[in-house]
Amino acid sequence: MVNIPALGGSPVAFTDVHGNQREIPLSQLYFDSRGINASNWPTYYSYKPIVDPWLAWLVAQGMLVPGAQPAGRPALVIAAREAGAAGNAVSVTFANPTPNADPKAATVDVTVVARQSWSLLTAASLESVLGAGPGTGSQPGLVFLAGPAPAAGAIPVEGANAATGDPAEFTIAKDGGGTAFTLEALFNSDADAADAALLTVTVANVDATRGSFSLIVDWNKSQEAVSLDDLQHKNPFAFLVSFAAPDGGLIGPPNAGTIALQGGADTSPTGALTATATALMG
């Protein structure tokens, strides 16, 4: 099913466990085959136990309803590289679609962006949240903790951190000097090295009193005039996503615009779910 935008009168507001008011923009809510979904909201998994029942109640009261089904025909099916909620952080932007009599030779400019964030982290919780290896944390993502866990009470320095070394690592400075902790890129094979180097890790929202901080991981890559055949078979964005022809085969380049991958989940009755999206033409 194509994901359907959610409609409502205002952003969805709620109060977190610390008494702070939070808001989820309507643009980050959608309906899929399982109902209302907020996984596009960057901090959804930090507040999932509060958000899910609240959204379900709003739907039951008719305060959130599905919008119109998008028009157009499927042009490309996009899937996250790995199953799990992390795939919901990926979006794909298409521009300058150029049709061709042979749909495989049609071209389009492509930009793939990912942004993942974790809030209210502490030195004590970092390893359990991000994990100490690929896919091992409670909220796994594009980086994991490499080496020892941070010392109790360690506070990282705010700011952006570029990748260094091979495999790509991020050495996060500690307030007062030294290293707070080191992160490693999830995908770190030799084939992934150039793309892993495009990652950045930003420390933000440091609260020295509570010992908490946020981490934001970004990845961005663009390429112009990529043929649909190359997207499928020489995919320059394979670090994060795959592209496939829809049922019935290729028909031409997707419409210009941005589409977010949706529906990824770390757990479900059938196991982890892969985030996907269908790009339309027409």
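The values are calculated or read from the model by the stated rules, or taken from the named source; none is laboratory data. This is a predicted model, so every value here is computed, not measured. Please note: Cβ atoms are built from the backbone with ideal geometry, for glycine as well, and neighbour counts cover all protein chains shown.
Structure summary
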read-out	value
Matching entry among 267, 258 (being assigned to a strand (DSSP E or B) and in the same structural domain as residue 161 (by TED's automatic domain parsing))	258
Residues located in the stretch 92-141, provided they are among the small types (Gly, Ala, Ser), surrounded by fewer than 20 Cβ atoms within 10 Å (Cβ to Cβ) and assigned to a loop (DSSP other than H, G, I, E, B)	101, 124, 125, 131, 132, 133, 135, 138
Matching residues in the stretch 155-181 - criterion: being assigned to a strand (DSSP E or B) and surrounded by fewer than 16 Cβ atoms within 10 Å (Cβ to Cβ)	159, 160, 162, 164, 179
Answer from 265, 196, 245 - the residue that is under 30 Å from residue 75 (Cβ atoms) and more than 17 Å from the chain's Cα centre (by Cα)	245
Test: residue in the stretch 65-79 that is at pLDDT below 95, buried (at least 19 other Cβ atoms within 10 Å of the Cβ) and in contact with a Gly (Cβ under 9 Å, 6 or more places away or on another chain)	no
Selected residue (only one of 88, 37, 3 is at pLDDT below 85, closer than 25 Å to residue 116 by Cα and surrounded by 15 or more Cβ atoms within 10 Å (Cβ to Cβ))	3
Options 152, 225; residue that is surrounded by fewer than 16 Cβ atoms within 10 Å (Cβ to Cβ), assigned to a loop (DSSP other than H, G, I, E, B) and among the aliphatic types (A, V, I, L, M)	152
